[in-house]
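Have a look at the structure below before the remarks.
The values are calculated or read from the model by the stated rules, or taken from the named source; none is laboratory data. Just so you know, these numbers come straight off a predicted model, no measurement behind them. FYI the Cβ positions are ideal-geometry reconstructions off the backbone, even for glycines, and counts take in every protein chain you see.
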Amino acid sequence: MFNTNELDKKWVEGIAELKALVDEGKANLESRFSEAELRVARNSSRLQSVEEAIKQAETGIDMLLGQWENICTLNDYLDSGEWQADFEAEERGKISKLIPRGVLSEDGLYNALDRLQDLLGQMASIVDHVVIPEEGEE
């Protein structure tokens, strides 16, 4: 068996070998293709990544929009005082163990709505910071 120092040494050697292989592959590509070809390949890869991210975002937004009524109802439930009353009833054992009670978990509902608020803020930040040139603009 290897001791920790031997494993660390093997790991560092393995990383160095991988880096050398990457450098060799990069040099091979750079010698075979022009700067324009490499630039097109890099940007095509970036476009593919962006398109996948957009596809995932669209799916997520569609899911959120499909839950909007539930989100509003849960927000109203938390703000109405009914949640607090139900939480206290649960603590007194007045809510049957047969009833799903996930909404009454400590901070569960609040945290979910807070995460949604943070996500919406991030989306607003993206909208504020991404400027896509209109046709004819540079």
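Some notes on this structure:
- Residue check for L38: in contact with a helix residue (DSSP H, G or I) (Cβ under 9 Å, 6 or more places away or on another chain), within 30 Å of D107 (Cβ to Cβ) and surrounded by 10 or more Cβ atoms within 10 Å (Cβ to Cβ): no
- Residue in the range 41-49 that is free of Cβ contacts under 8 Å to residues at least 60 places away in the same chain and under 30 Å from A112 (Cβ atoms) present: yes
- Hey, S96 free of Cβ contacts under 8 Å to residues at least 40 places away in the same chain and surrounded by 10 or more Cβ atoms within 10 Å (Cβ to Cβ) or not: no
- Tally of residues being more than 13 Å from L119 (Cβ to Cβ), over 13 Å from the mean Cα position of the chain (by Cα) and among the hydrophobic types (A, V, I, L, M, F, W, C) across the range 50-64: 1
- Residue list for the range 59-78, filter: polar (S, T, N, Q) and under 21 Å from D107 (Cα atoms): Q67, N70, T73, N75
- Meets criteria (surrounded by 11 or more Cβ atoms within 10 Å (Cβ to Cβ), modelled with pLDDT under 95, among the basic types (K, R) and on the phi < 0 side of the Ramachandran plot) for K26: yes
- Condition check for N43: under 30 Å from Q122 (Cα atoms) and out of contact with any Gly (no Cβ under 8 Å at 6 or more places or on another chain): yes
- Residues in the range 89-133 that are of a type in the set (S, T, Y), at pLDDT 90 or above and in a loop (DSSP other than H, G, I, E, B): S96 alone.
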